[in-house]
Amino acid sequence: EAEKIPVMRGQWFIDGTWQPLEEEESNLIEQEHLNRFKGQQLQETFDMEVSKPVDGKEAIHSLKLSRNHVDWHSVDEVYLYSDATTSKIARTVTQKLGFSKASSSGTRLHRGYVEEATLEDKPPQTSHIVFVVHGIGQKMDQGRIIKNTAMMRDTARKIEEKYFSNLATHVEFLPVEWRSKLTLDGDTVDSITPDKVRGLRDMLNSSAMDIMYYTSPLYRDELVKGLQQELNRLYTLFCARNPEFEEKGGKVSIVSHSLGCVITYDIMTGWNPVRLYEQLLQKEEEELEDRWMSYEEQRLLEELYITKQRLREIEERLHGLKASTVSKTPVLKFKVENFFCMGSPLAVFLALRGIRPGNSGSQDHILPKTICNRLLNIFHPTDPVAYRLEPLILKHYSNISPVQIHWYNTANPLPYEHMKPSFLNPTKEPTSVTDSESVSTIPSPTTSPVLVRRHYGESITNIGKASILGAASIGKGLGGMLFSRFGRSSTTTSQTPEPGKDGAEGDEKKATTVGTPPFPHSSSGFLDTPLELEHRIDFELREGLVESRYWSAVTSHTAYWSSLDIALFLLTFMCKHDQEDPDKSNLDTI
């Protein structure tokens with residue numbers, strides 16, 4: 001349970017600090033004030049007798065409280081006094097010295113705050129809500145997603161005030177805590193956990209165990225329903241408290257982290273293991289038809305095929321009857337505008353489910369736009385849990401650099417939709433140090449020897465990355481991507497023109513995008529193939545210049561929440577509609 005903070009109405013405030021009085025005392029003073037002065041007019045400031053300060057006025061009314069008392073010198077001159085013994089002695093002494101009671105020990109009170117409320121004293125109407133979905137480890141720290149969302153909200157507010165203050169879009173971030181309410185196996189796993197290194201084992205049980213639960217046919221549905229119900233509950237609650245949101249066409253986006261990306265994806269698409277099992281059975285039937293078999297075997301297979309067909313027909317009729325009597329409710333009560341994945345293993349799950357690259361550059365290959373308008377995959381270069389999605393749509397994108405996310409303080413950044421795809425490894429990857437040295441003596445993503453990769457921390461994530469390579473059948477192109485990813489910072493910090501290139505061409509390459517290294521590819525350095533993605537999906541954070549890759553491989557998976565670069569990136573896409581009107585934004589171009 002998150003810490004509950006009481007919200008109270010302030011009525012009486014202390015002069016100077018403008019701190020509210022305790023609610024109990026404030027209510028008693030307010031009741032006494034209304035009984036005594038209700039209906040009386042406050043004097044205007046310029047009509048007040050400045051020649052007669054409160055020191056010379058007698059109290060016209062008093063109220064005794066438990067530890068204090070209050071004196072009214074007029075309707076708007078109210079003083080609070082402590083009745084503690086030390087305060088009484090001090091008050092007696094100072095009064096004998098000629099000081100008034102009010103000036104010696106009184107604290108002036110004000111009815112109402114220093115600034116009067118106005119109709120504008122409210123946050124702007126929310127036009128876009130973002131559900132923030134956590135990944136694994138929430139059982140270990142149940143309030144963490146609330147803290148992380150608060151960090152993301154605060155960071156986004158800074159960016160919003162700096163770049164988007166003139167836009168009509170106001171974005172609100174809402175945490176979705178779906179894990180703590182689930183019972184799953186109860187305490188069965190805890191009971192079978194050995195006592196040695198118990199702290200480490202408990203940490204793994206509270207974090208990595210969620211992945212095992214999700215791959216379990218017994219508990220997977222419980223996790224899916226837990227997140228689905230919480231998303232719908234929060235949306236319904238928000239709409240009830242903000243009735244104009246749906247009326248004015250408010251939009252909804254989802255930011256998911258880690259395993260939360262996979263569960264959110266499965267909820268939106270309706271994927272389940274049963275469908276995969278049916279696909280495997282169908283494939284087996286096709287393989288059986290192609291091989292030679294005896295007459296008896298053929299006859300039995302025909303009978304089995306007819307029986308299965310009959311079974312499918314009965315199931316369809318049954319589903320049709322149910323559909324006619326009970327209207328099917330949508331899985332989610334809202335359409336998802338943008339689905340942002342952060343540090344996401346979604347690609348490896350899709351690869352292991354049999355998703356393979358197609359021949360269309362549409363996002364529909366993995367997530368139909370009828371379900372979600374835009375899919376965006378954000379990752380840190382050294383995040384060991386994150387994988388790329390684009391090579392699952394078009395295979396050759398394994399050798400194309402992910403889009404570099406702009407630093408938040410970059411002046412006049414090139415709009416993301418105008419950034420051309422550039423190759424990671426345009427020439428044939430050298431097979432030995434000798435081959436690489438013969439190409440160029442200057443280290444680059446293309447020419448650095450293969451052995452150099454080992455010194456940049458790739459060994460930390462090699463095992464995990466190798467699994468996706470084999471499972472997804474993407475090929476060595478993704479290996480080239482990894483090579484460039486872990487060998488890039490040495491080239492991005494200082495771009496040296498290659499021998500044989502004139503200065504003008506080098507300057508032209510530097511001007512392509514702010515902070516994006518130009519990758520050589522024949523003459524242009526960019527993708528010349530006609531088959532491109534409709535929209536880019538993979539977006540990569542830039543590495544720090546002094547960042548330790550070994551250390552960042554440990555910390556990068558949880559470093560997304562407070563990033564100003566990510567906050568600017570999220571708002572850029574969520575406020576995209578308003579930005580198209582140049583008069584509305586003070587942001588040059590995003």
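Worth a mention:
- Of Thr155, Thr307, Thr370, Thr555, the residue with the largest accessible area leads and the full order is Thr370, Thr307, Thr555, Thr155 (1.4 Å probe).
- Shown here for the stretch 335-392: trypsin sites (Lys or Arg not before Pro) in loop regions (DSSP other than H, G, I, E, B) with at most 14 other Cβ atoms within 10 Å, namely Lys335, Arg353, Lys369.
- Inter-probe distance in nm under a simple model that places probes 7 Å from Cα toward Cβ, at Arg233 and His418: 4.6
- The candidates Lys122, Lys308, arranged from most to least accessible area with a 1.4 Å probe in the full protein assembly, appear as Lys122, Lys308.
- If R0 is taken as 41 Å, the Cβ-Cβ distance between Met203 and Gln125 corresponds to a FRET efficiency of 0.45.
- Relative protection proxy for 170-183, 389-402, from highest mean packing down: 389-402, 170-183 (other beta-carbon atoms within 10 angstrom).
- Sequence of Thr269, Thr118 from largest to smallest accessible area, 1.4 Å probe: Thr118, Thr269
- Relative to the current alpha-carbon distance between Lys335 and Ala240, full extension at 0.36 nm per residue lengthens the span by 32.5 nm.
- Estimated distance in nm for a label pair at Trp18 and Ile192, the labels positioned 7 Å out from Cα along Cα-to-Cβ: 6.1
- Rough spin-label spacing in nm, given labels placed 7 Å along Cα→Cβ, for Arg353 and Thr118: 5.2
- Using the Cβ-Cβ distance between Trp407 and Lys147 with R0 set to 22 Å, the FRET efficiency works out to roughly 0.30.
- Computed with every protein chain present, the accessible area of Cys575 is close to 0 Å² [probe 1.4 Å].
The values are calculated or read from the model by the stated rules, or taken from the named source; none is laboratory data. Here the structure is a predicted model, which means the values were calculated and not measured. Methodologically, a virtual Cβ is constructed for each residue, glycine included, from the backbone with ideal geometry; neighbour enumeration extends over all protein chains shown. All accessible areas refer to the heavy atoms of the entire protein, side chains included, with ligands and DNA or RNA removed. Shrake-Rupley method; radii C 1.70, N 1.55, O 1.52, S 1.80 Å.
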